[in-house]
Amino acid sequence: MEGMKSGRSLIYQYLRHDKKFPHVWCPGCGNGILLGSLIRTVHKLGYPKDDIVLVSGIGCAGRLPVYVDFNTLHTTHGRALTFATGIKLAKPHLKVIVVMGDGDATAIGGNHLIHAARRNVNLTAVVMNNSIYGMTGGQYSPTTPYGLKASTAPHGHVEHGFNISRLVEAAGAAFVARCTVYHVPLMDRLLTQAVEKQGFAILEVLSHCPTHFNKMNLLGGAVDSMRWMKEHAVPVEKAKRMAPEALKGKFRIGVLVDRDIPDYQTEYEQVRRRAKEAAPYKLDPQEISKMLESHQIY
Amino acid sequence: MKMRAEEPAKKLMQGNEACAEGAIAAGCRFYAGYPITPSSEIAEVLSYRLPAVGGTFIQMEDEIASLGAVIGASLAGAKAMTATSGPGFSLMQEHIGFACMAEVPCVVVNVMRGGPSTGLPTLPAQGDVQQARWGTHGDHPIIVLTPWSVRECFDLTVRAFNLSEKYRTPVILLMDEVVGHMRENVELPNPEEVEVLDRVKPTVPPEWYIPYEDTPFGVPPMGIFGEGYRYHVTGLLHDVRGFPTLREDEIEPFMRRLFRKIWAHLNDIQQWETYLMEDAETAIVAYGSVARSAMRAVVEAREVGLRMGLLRLITLWPFCRKAVESILDGCKTLIVPEMNLGQISREVKRVAQGRAQVRTVSRVLGRLIKPEEILEAVEGWKA
Amino acid sequence: MTARYEVRFSGTGGQGVVLAGIILAEAAGLHGGQYVVQTVSYGPQVRGGMSSAEVVISERPIDYPKPIRLDLLVPFTQEACHQAAGLMKEDGIILLDPDLVSETPEGWVASVPLTRLAVEATGRVQMANIVALGAISRLCPLVDEASMLDAAKGRAPKGLFEAFERALEAGGRFAEEIRGKIPFEKAPTPED
């Protein structure tokens, strides 16, 4: 098509093809699908590569940035959002995208996740949720379903998982969306919205782990998982029209939350302005009661 | 050894405040931290001062997050720091290791309090000396500085930033509760008089940039996110281009360079002072607030004719081997007073190698060692 | 030996001992041109725990930053008085409020009703620390009244300038009356 780059030339433009391939992911892994979507999104939005910082934690998803020709940062386990917060606040013009796995984002990094959402720093977070720790050999994660097996749950898992999207919604994220590695055009659209969103935006990508999770739980290969995702995902708009019984056992995909909340930097500009004015920050008694009343936790 | 300027100066200031002022003077424009006694005043001052100079203060959810944000800000070009005390310092070890591995300049202040664990939150100690050296896992070099006065809290904070920028390494400023909370009249230098060093950035065209390439100095120029030098930063052991590697011929040279960049510049990094050491037969080796007790002890010992002197360590790590070696010819006894059970005294013994008797004066009771407690270890001293 | 003048304010959190220490240090150090070091020791609780502020004043640079032997002790509780009793110089003075400290230790005692004077002068119990500073400005050889007033005003919250001034005056006036009697009455030792 006119004006559109072919997949191959996009690869040459964005991948560090001369160095880091073949990649570390297993055949059938969903991480490559996200990688493709990320590149298409950045390309479509027209950001210069110099302005993108791709940050990750530890795990299979954590290996994603090394393949792309952006500013890339592979941090410690669970802490990617903290580094990203520092980068964004120090250089606000950069587009900071954070890729994490489910264990990374919600176990060891769970506290950072909810606080990044609450603080509403202008970041894009992507959680690749494959319900397992893949890189370390299939141990159960905070999203492993009850009753299934993992290498550390040989007798069946007895904990209940997080609903990541609802967790970050409750924590105050400005934008929350969910898709799967099967729904690729949707992934592209949601990622575009997330990157463009002013405030903390998170995209939960349901994925699979053919090597560990599927094998231990008799789920077949990647194609079987994708078929399952296709059959169980319900677009948000459609779900609104469905009866609760019909939604049982299904999950919603699409934009789950989209609200306008001033982001951290916008708020902090006020702090800078007051600090420069040198006059002390004065509270007017009427304002105090208004602020108490509008405090979200009540 | 000069205690301070000729005339008492016109500002009464706390050590923690002076540290915060030093940070501003050194060009620090980003602070992330978590409240903890006895370091919180540093955060409080910077939460007020940083936004006024266009910088950023943020209180994070814990100390791990704090140092993570500091490293992120530094990668994006800001001079950045955090401050904490023992329990928070333990949490920061993870990212001190990351900053060593990825060679990210940053300053970590630890105002030492009694430990282990929650310990004595409001009382002084020097129990984190070895942790500052070896707290994070894996082989790594580190620079640790220790102030003994309010003015020095300012000076060494500036120096900590300068060294961290110059050598692309985390620098730890190891204060203690006495120094942090002490108020003294000080005169701070005018901002233009403060020597400030900035990291060396690459000047080659971006396509020629090799981010972790060895240089004669040992410190590669640092590309800044968003300034055109796109590269990969990782806590994995990496090759010269920043990409993870498992190759022996890349692992060992990297590790060697990491150490060499510090070890080859000990003359620049290490600082110490001596007081009345010219004819001393007995030396006190001390650091931090305890060095002030030691100085008093030397004055009192001299008054009764005992030939005593003081070696004060300002750079704690890498350990000032040369400083201790230089006093071994004249001194048969070295007294090492510490608010711990002998963390620097073991280094002094290691260097002395039996050429002098090393006596440790330990106090772990949550207060500064008194001069008389040091003097009790001196032969010929009668109270 | 370098001449050092050493002071301790001691009481429980909330009695203003740290503020008193800071004002004295500023009076001597900033307005009086002396070298000063002011340190604190306190427990973990903000209110109610043991708290003390110590000030070392000298014409020469100060090495050891804590008091060695006290020239002046201002205890705001009985316990604070007992704790410091063994730390006094032979001619050290204990400036105490007889309403707060009833058992006086061995040594020179200047009995000043700090709390009562504070209430009379300002209507505020919390000003006892400032009254004490007023008294100290007449008793301590290294600080004068003008320096103390400048320092106190510099630290006074807005709207309390005058109250601080009145408290200092009240303490100063009382100390003036008893100054002629220095050394003050020496409390009897338990054996007497």
- Note on the structure: Amide H neighbours of B:R359 at under 5 Å, excluding residues fewer than 5 places away on the same chain, with H built from the backbone geometry, are B:L334, B:I335, B:V336
- Please work out whether chain B counts as rounded, prolate or oblate from its C-alpha gyration tensor, where a ≥ b ≥ c are the square roots of the eigenvalues and a/c under 1.5 means rounded, while otherwise a/b larger than b/c means prolate and anything else oblate? prolate
- So how far, in whole Å, is the C-alpha centre of segment B:281-319 from the one of segment A:226-262? 72
- Each residue of segment C:119-128 in order: what ³J(HN,Hα) in whole Hz does its phi give by Karplus 6.51 cos²θ - 1.76 cosθ + 1.60, θ = phi - 60°, with x for Gly and Pro? 5, 5, 7, 10, x, 10, 4, 5, 8, 4
- Message: Within 10 Å of each Cβ in C:65-71, how many Cβ atoms from other chains are there, averaged over the peptide?
- Response: 4
- Message: Under the 0.36 nm per residue contour assumption, what length would be gained going from the current alpha-carbon distance of A:S289 and A:K49 to full extension?
- Response: 81.7 nm
- How many angstrom separate the Cα center of segment B:64-119 from the Cα center of segment A:82-125? 18
- Message: Relative contact order for segment C:4-179: what percent, with Cα pairs under 8 Å and sequence separation of 6 or more?
- Response: 22
- Message: Just to confirm, what accessible area per residue do you get for chain C at 1.4 Å probe, in whole Å²?
- Response: 43
- Note on the structure: For the table A:K197/B:K79; A:K149/A:K197; A:K149/A:K250; A:K20/A:K44; A:K197/A:K282, the rows whose alpha-carbon distance is greater than 30 Å are A:K149/A:K197; A:K197/A:K282
- Which value at 222 nm does chain A reach when only helices count, each DSSP H run of 4 or more adding -39,500 (n - 2.57), with the total divided by all residues and rounded to the nearest 500 deg cm²/dmol? -11000 deg cm²/dmol
- Under a straight-distance cross-link criterion of Cα-Cα below 18 Å, which lysines are reachable from B:K261, leaving out those fewer than 8 residues away in the same chain? B:K166, B:K201
- Query: What number, in percent, do you get for the relative contact order of chain A if the mean sequence gap of Cα pairs under 8 Å and at least 6 apart is divided by its residue count?
  - Reply: 16
- Paramagnetic reach from A:E159 in segment A:37-80 [backbone N under 19 Å; point 7 Å along Cα→Cβ]: A:58-61, A:77-80
- Which residues does a label at C:D99 reach in segment C:118-143, if reach means a backbone N under 14 Å from a point 7 Å past the Cα toward the Cβ? C:118-132
- Item | Exposed-loop-free span, longest in chain C, where GluC sites (Glu not before Pro) count as exposed if DSSP calls them loop and at most 11 other C-beta atoms lie within 10 Å | C:1-102
- segment B:346-353 - phi-based ³J(HN,Hα) in whole Hz, Karplus 6.51/-1.76/1.60, Gly and Pro as x: 5, 6, 4, 4, 4, 6, 5, 6
- Message: Based on alpha-carbon atoms only, what is the radius of gyration of segment B:185-234 relative to the globular estimate 2.2 N^0.38 Å?
- Response: 1.66
- Query: Can you give the net charge of the other residues whose Cβ lies under 11 Å from the Cβ of B:G86, counting K and R as +1 and D and E as -1?
  - Reply: -3
- Rounded, prolate or oblate (a/c below 1.5 giving rounded, otherwise prolate when a/b exceeds b/c) for segment C:4-179 by Cα gyration tensor: rounded
- Message: Which residue, B:L75, B:M60, B:I42, has the largest displacement toward the positive end of the dipole of segment B:10-193 when charges sit on each Cβ (Lys, Arg +1; Asp, Glu -1)?
- Response: B:L75
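Which whole-number value in Å² is the accessible area per residue of chain A, probe 1.4 Å?
Working: 14110 Å² over 298 residues.
Counting only protein heavy atoms, the per-residue value for chain A is 47 Å².
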- Message: Which one, B:F161, B:P121, B:I96, projects farthest toward the positive side of the charge dipole computed for segment B:10-193 from Cβ point charges (K/R +1, D/E -1)?
- Response: B:F161
- Task: Quick one: compute the contact order of chain B, relative version, from alpha carbon pairs under 8 angstrom and 6+ residues apart, as a percent.
- Result: 16
- Query: Tell me, what is the 1.4 Å probe accessible area of C:V109, in Å² to the nearest 10?
  - Reply: 10
- Query: Given N residues in segment C:56-102, what is Rg(Cα) / (2.2 N^0.38 Å)?
  - Reply: 1.28
- Message: Checking an interface number: how much accessible area is buried between A and B, summed over both chains, with a 1.4 Å probe, in Å² rounded to 100?
- Response: 3400
- Query: So what J values fall out for segment B:127-133 if you push phi through Karplus, 6.51 cos²θ - 1.76 cosθ + 1.60 with θ = phi - 60°, rounded to Hz, Gly and Pro as x?
  - Reply: x, 9, 5, 6, 5, 4, 7
- For the protein assembly as shown, the accessible surface attributable to carbon and sulfur atoms (probe 1.4 angstrom, ligands and nucleic acids excluded) amounts in percent to 53
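For peptide B:284-291, what's the mean number of Cβ atoms from other chains within 10 Å of each residue's Cβ?
Values: counts 0, 0, 0, 0, 0, 4, 1, 1.
Mean shielding by partner chains, rounded to a whole number: 1.
Using +1 on the beta carbon of Lys and Arg, -1 on that of Asp and Glu, and nothing else charged, what's the dipole of segment A:63-129 about the Cα centre, debye to 20? Mind showing how you got there, number by number?
Working: 7 positive and 3 negative charges, 54 e Å.
The calculation lands at about 260 debye.
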- Note on the structure: In segment B:183-214, the residues losing 30 Å² or more of accessible area (1.4 Å probe, heavy atoms of protein chains only) relative to their chain alone are B:R183, B:N185
- What is the magnitude of the charge dipole of chain B about its Cα centre, with +1 placed on the Cβ of each Lys and Arg, -1 on the Cβ of each Asp and Glu, and no other charges, expressed in debye to the nearest 20? 500
- Counting helices only, and only those DSSP H runs with n ≥ 4, report the 222 nm mean residue ellipticity of chain B as the sum of -39,500 (n - 2.57) divided by its residues, in deg cm²/dmol to the nearest 500. -10500 deg cm²/dmol
- Here FRET efficiency (C-beta to C-beta, C:E79 to B:E187, R₀ 45 Å, nearest 0.05) is 0.70
- Note on the structure: The B/C contact buries a total accessible area, at probe radius 1.4 Å and rounded to the nearest 100 Å², of 2400
- Message: With a 1.4 Å probe and all protein chains left in place, how much accessible area per residue does segment B:273-375 have, in Å²?
- Response: 35
- Out of B:V358, B:L12, B:Y229 - ranked by how far each Cα lies towards the positive end of the dipole of chain B, with unit charges on the beta-carbon of charged residues - the top one is B:V358
- Message: Taking the Cα centre as origin and putting +1 on Lys and Arg beta-carbons and -1 on Asp and Glu beta-carbons, what dipole magnitude results for the protein assembly as shown, to the nearest 20 debye?
- Response: 3160
- Would you please name the chymotrypsin sites (Phe, Trp or Tyr not before Pro) within segment A:130-189 that are DSSP coil residues with at most 14 other C-beta atoms within 10 Å of their C-beta? A:Y146
- Note on the structure: Here the percent of antiparallel bridges among DSSP beta bridges lying wholly in the protein assembly as shown, to the nearest 5, is 35
- Output the antiparallel fraction of DSSP beta bridges having both residues in segment A:2-269, as a percent to the nearest 5. 20
- Separation between the B:M255 and B:K332 pseudo-spin-labels, each 7 Å from Cα along Cα→Cβ, expressed in nm? 4.4
- Query: Restricting attention to segment B:272-318, which GluC sites (Glu not before Pro) occupy a DSSP loop and are surrounded by at most 14 other Cβ atoms within 10 Å?
  - Reply: B:E278, B:E281
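The values are calculated or read from the model by the stated rules, or taken from the named source; none is laboratory data. Computed from a predicted structure; not experimentally measured. No Cβ is skipped: glycine too gets one built from the backbone with ideal geometry, and neighbour counts run over all protein chains shown. Areas reflect the complete protein model, heavy atoms only, side chains present, ligands, DNA and RNA absent. Shrake-Rupley method; radii C 1.70, N 1.55, O 1.52, S 1.80 Å.
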